[in-house]
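Notes follow once the structure below has been shown.
The values are calculated or read from the model by the stated rules, or taken from the named source; none is laboratory data. Since we're looking at a predicted model, the values are computed, not measured. In this analysis, Cβ positions are derived from the backbone assuming ideal geometry, glycine residues included, and neighbour counts consider all displayed protein chains.
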Amino acid sequence: MSAKEMTGAQILVEGLKAAGVEVMFGYPGGSVIPIFDVLYEEKSIKFVLTRHEQGAGHAADGYARATGKPGCVIATSGPGATNLITAIANAYMDSVPMVAITGQVKTMLIGNDAFQEADVTGITRPITKHNYLVKDVNDLARVVKEAFHIASTGRPGPVVIDLPVDVTQQKTRLPKKVEIDLPGYKPTYEGHPQQVQRAAELINKAERPVLYVGGGVIISEASEEVFEIATKAHIPVTTTLMGLGAFPEEHPLSLQMLGMHGTVYANYAVTNCDLLIAVGARFDDRVTGKLDAFAPNAKVVHIDIDPSAISKNVHVDMPIVGDCKKVLKELKEHIKPNEREAWVRTVAEWKEKYPLSYPQDGKLHPQMVVEKLHEVTGGDAIIVTDVGQNQMWAAQFYRYSKPRTFISSGGLGTMGYGFPAAIGAQVGMPDRKVALVSGDGSIQMNIQELATAHRLDLPIVIVLLNNGYLGMVRQWQELFFARRYSHTTLEANPDFVKLVEAYGAKGMRVDRAGDVEQALREAFDARTLTLIDFVVEPEANVFPMVPSGEAIDRMIGGMA
Amino acid sequence: MRRQVLACRVENHSGVLTHITGLFASRGFNIDSLSVGETDNPRFSRVTIVCRGDERILEQIRKQLGKLIDVIKVINLSEMESVERELMLVRVNVGPSKRAEVMEIAEVFRAKVVDVGAKELMIEISGKRAKVDAFIDLMRPYGIKEMARTGEVALARGPKPSAAGG
Ligand SMILES: Cc1cc2nc3c(=O)[nH]c(=O)nc-3n(C[C@H](O)[C@H](O)[C@H](O)COP(=O)(O)OP(=O)(O)OC[C@H]3O[C@@H](n4cnc5c(N)ncnc54)[C@H](O)[C@@H]3O)c2cc1C
Ligand SMILES: Cc1ncc(C[n+]2csc(CCOP(=O)(O)OP(=O)(O)O)c2C)c(N)n1
């Protein structure tokens with residue numbers, strides 16, 4: 001062996017490069033200084049220093065969702081690592097490929113309550129796809145390669161590499177060939193041919209089928225296949241929050257989002273269908289509502305790469321374990337063209353009768369801001385959201401037509417996700433328009449990242465729907481707790497315009513409906529970090545809404 | 001509620017058991033017993049898990065175990081002909097007057113007396129869980145001082161090894 005000796009830190013960085021890492025997000029500290037020392041001279045990895053580790057984690061997540069490549073984040077031991085936890089859990093719930101590197105105390109100090117020690121592999125076990133504590137520098141190259149492989153294949157997810165500082169300083173020779181060794185990891189990509197055939201027969205026989213399309217279609221880049229099947233056999237398509245963009249929402253067959261805040265027509269179609277074709281969707285309780293009233297008369301076909309997602313919540317008649325894209329390609333061949341006139345007409349009538357709506361009274365309604373955002377961007381921006389009403393309005397009133405244009409924390413519902421995720425998305429897609437739709441509560445959970453975005457001169461447009469409340473919680477209090485607004489009023493909000501100006505960015509305030517469009521145009525034209533503080537109707541609600549635990553066709557609002 | 005015996009072939013390194021027990025804890029699955037031992041290949045260990053739940057839970061347990069990267073294979077032994085055995089050591093309060101009586105019962109169960117004290121006997125018994133349970137019931141009137149059960153280990157019968165081995 002003639003390879004030269006390298007330190008653990010060098011081996012790590014070489015491994016990252018070999019895995020195709022171009023951008024890394026993170027924050028330094030004692031136990032990772034040796035790694036940062038290597039990064040100091042590393043030209044091929046762009047390093048984004050955030051102002052909080054949570055911001056770094058969500059930025060890596062947003063980067064991954066916008067680009068499809070795994071995100072990479074690094075933090076120091078102890079508090080650095082624990083600050084990453086929410087971001088890791090968030091990526092886990094939404095199946096986002098991410099590798100998180102955490103510093104750890106020296107190997108011999110592990111377990112001693114050493115300074116800045118935290119049991120990171122213990123803490124992250126239930127929120128990672130896999131995790132490693134590397135105690136031998138000779139394992140490191142393989143571990144890095146495996147981590148990226150695991151994170152980005154099968155059902156993607158976060159992988160943690162916990163790296164004691166002494167391991168990063170030890171030297172070893174890099175083997176000529178680094179090979180992964182994972183006998184226990186073999187995702188299934190090809191659907192079982194007979195099952196696919198049987199699913200096609202069910203589809204061909206169905207009179208009232210619905211395609212229920214989720215985040216798995218975005219992940220496997222199968223929207224084209226969904227489109228071909230839907231249009232060939234005239235099957236209406238509804239997507240989950242995570243599936244937005246997988247099917248063009250302006251297409252007549254689109255029912256847009258289903259579930260708790262889905263459209264009336266999507267929920268009606270699902271309730272009345274005789275065949276539900278679930279593709280890369282996991283029957284989340286926000287989607288199904290009361291389980292025994294969900295698609296009560298339908299047979300269910302379920303295509304998912306994760307066998308444990310199938311029959312977890314609802315009984316599945318035709319399970320197909322495999323990759324959406326591969327399975328749909330195969331399925332398409334067996335599907336017969338069908339006009340399904342009656343069903344398509346019924347669905348069109350529902351769409352006509354129960355459109356999404358909000359009061360047309362000239363006031364500044366948040367829904368209208370989102371509609372204008374769609375208009376001004378031509379539907380061509382990457383929309384990142386925070387959590388709450390702002391998220392639901394962004395889902396309902398923008399019309400998504402392409403995958404990876406809607407980025408939102410679905411499974412964990414993390415307030416504060418949006419802004420750092422928008423930073424990650426813009427870093428990964430520098431030529432795309434990126435807009436963040438946020439609330440005055442959420443934005444303050446990671447507001448410190450204004451410095452990060454400004455420093456990188458990212459032209460993100462922050463659409464702040466400022467209602468002075470923790471709106472989504474207030475809405476529940478209004479509807480189900482007799483308007484007792486217990487601690488949901490955001491008094492003493494900062495002056496957001498001055499605040500962003502303090503960071504060196506551009507701020508605007510809009511409090512009239514007539515000024516919305518102009519302000520948005522100005523913001524996008526400015527090509528610089530801009531926040532627009534939209535002072536919206538304070539007690540606007542998200543409708544329709546299925547009360548928690550109810551059947552999804554029992555919606556409040558939107559049935560006028 | 002049904003009982004299910006699973007044999008898993010897993011990587012033999014630290015952290016694997018935490019992944020398995022943590023999975024049961026965080027998803028609220030019930031474990032009756034869990035036993036771990038080496039296989040003929042030192043790289044792998046064999047974990048035998050006895051768990052219970054309704055059909056849906058048992059299926060989730062198998063699928064979730066299968067998802068763990070360090071778990072190479074999960075075999076559902078409840079679905080096949082298999083031999084299940086458990087080992088127990090028990091210390092029973094027995095003075096000289098009852099010694100013969102207890103040793104006779106042990107004999108019937110093919111249990112072995114492994115230690116004799118002035119006021120106690122230590123007995124080793126192995127077999128199916130039901131047999132071990134029955135033996136405990138018979139020992140109870142004498143007074144059980146202490147006992148240790150291994151939890152079941154199991155192997156499939158038949159010509160082919162159940163691949164969870166080594
Ligand atoms: C305030 C709030 C309100 C919400 N309201 C709604 C609502 O009204 N409607 C709604 O839909 N959601 C809503 N959500 C989101 C909801 O909580 C879930 O996150 C979402 O419904 C899950 O989407 P999904 O089923 O597409 O699954 P995802 O979480 O996107 O999971 C993807 C699925 O695809 C599978 N998969 C991954 N890769 C592949 C592949 N290559 N091939 C095949 N399968 C693959 C995975 O195994 C998984 O089962 C809300 C969230 C919040 C915070
Ligand atoms: C970290 C975190 N804490 C609490 C919640 C619970 N929660 C969900 S929505 C919401 C209100 C969000 O308020 P805001 O960001 O102002 O958005 P709005 O609903 O008003 O649009 C809260 C508190 C959460 N989702 N995440």
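I'd like the full set of residues that are aromatic (Phe, Trp, Tyr) and under 17 Å from A:Gly378 (Cβ atoms), limited to the range A:390-445.
Answer for the range A:390-445, where residues must be aromatic (Phe, Trp, Tyr) and under 17 Å from A:Gly378 (Cβ atoms): A:Phe397, A:Tyr398, A:Tyr400, A:Phe406.
Hey, does the range A:295-302 have a residue that's within 14 Å of chain B (Cβ to nearest Cβ) and under 21 Å from the mean Cα position of the chain (by Cα)?
No.
This table checks each residue for (1) touching a strand residue (DSSP E or B) at 6+ places or on another chain (Cβ under 7 Å); (2) within 22 Å of A:Trp393 (Cα to Cα); (3) more than 15 Å from ligand 2 (Cβ to nearest atom).
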| site | (1), (2), (3) |
| --- | --- |
| A:Ser442 | no, yes, no |
| A:Val461 | yes, yes, yes |
| A:Tyr469 | yes, yes, no |
| A:Trp476 | no, yes, no |
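Given (1) within 16 Å of ligand 2 (Cβ to nearest atom); (2) out of contact with any Lys or Arg (no Cβ under 6 Å at 6 or more places or on another chain); (3) of a type in the set (A, V, I, L, M, F, W, C), where does A:Ala298 come up short, assuming only one miss?
With respect to (1) within 16 Å of ligand 2 (Cβ to nearest atom); (2) out of contact with any Lys or Arg (no Cβ under 6 Å at 6 or more places or on another chain); (3) of a type in the set (A, V, I, L, M, F, W, C), A:Ala298 is out only on (1).
Just to be sure I understand the filter: pairs with C-beta atoms under 6 Å, separated by 6 or more residues or on different chains, first member in the range B:64-88 and farther than 17 Å from B:Val132 by Cβ and at pLDDT 95 or above, second member among the aromatic types (Phe, Trp, Tyr) and not in a helix (DSSP H, G or I). Which pairs pass?
B:Ile69/A:Tyr185
Would the range A:246-253 turn up any residue that is under 27 Å from A:Gly388 (Cα atoms), crowded, with 24+ Cβ neighbours inside 10 Å and either away from chain B (no Cβ under 14 Å) or more than 11 Å from ligand 1 (Cβ to nearest atom) (or both)?
The answer is yes; a qualifying residue exists.
Only one residue in A:Val213, A:Val217 is within 9 Å of ligand 1 (Cβ to nearest atom), in the same structural domain as A:Asp317 (by TED's automatic domain parsing) and in contact with a Cys (Cβ under 7 Å, 6 or more places away or on another chain), so which one is that?
Only one candidate qualifies: A:Val217.
Which of the residues spanning the range B:60-101 are within 14 Å of chain A (Cβ to nearest Cβ) and closer than 16 Å to B:Ser35 by Cβ?
Scanning the range B:60-101 gives B:Leu65, B:Val71, B:Val74, B:Ile75.
Has the range A:366-383 got at least one residue that is in a loop (DSSP other than H, G, I, E, B), away from ligand 2 (no atom under 16 Å from the Cβ), of a type in the set (D, E, K, R) and within 30 Å of A:His234 (Cα to Cα)?
yes
Looking at this structure, is A:Asp166 surrounded by fewer than 23 Cβ atoms within 10 Å (Cβ to Cβ) and within 19 Å of A:Ile74 (Cβ to Cβ)?
Answer is yes for this residue.
Read through the list (1) polar (S, T, N, Q); (2) over 15 Å from A:Thr385 (Cβ atoms); (3) under 21 Å from the mean Cα position of the chain (by Cα); (4) within 16 Å of ligand 1 (Cβ to nearest atom), then give the number of the only condition that A:Thr414 fails.
It is condition (2) that A:Thr414 fails.
Anything in the range B:86-140 that is among the polar types (S, T, N, Q) and in contact with a helix residue (DSSP H, G or I) (Cβ under 9 Å, 6 or more places away or on another chain)? List them, or say none.
Scanning the range B:86-140 gives B:Asn93, B:Ser126.
For every residue, the table says whether it meets (1) closer than 25 Å to A:Asp139 by Cβ; (2) under 28 Å from the mean Cα position of the chain (by Cα).
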site: A:Thr7; (1), (2): yes, no
site: A:Leu12; (1), (2): yes, yes
site: A:Val38; (1), (2): yes, no
site: A:Lys46; (1), (2): no, yes
site: A:Leu49; (1), (2): no, yes
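Search the range B:134-160 for residues that are under 18 Å from B:Lys98 (Cβ atoms) and assigned by TED's automatic domain parsing to the domain that holds B:Arg110 and pair each with any residue that is polar (S, T, N, Q) and surrounded by fewer than 17 Cβ atoms within 10 Å (Cβ to Cβ) when their beta-carbon atoms are under 8 Å apart and the residues are at least 6 apart or on different chains.
B:Tyr142/B:Asn93; B:Gly143/B:Asn93; B:Ile144/B:Asn93; B:Lys145/B:Asn93
Counting only residues that are in the same structural domain as A:Ser401 (by TED's automatic domain parsing), give me the helices (runs of 4 or more DSSP H) lying completely in the range A:252-340 with at least 2 of them.
none
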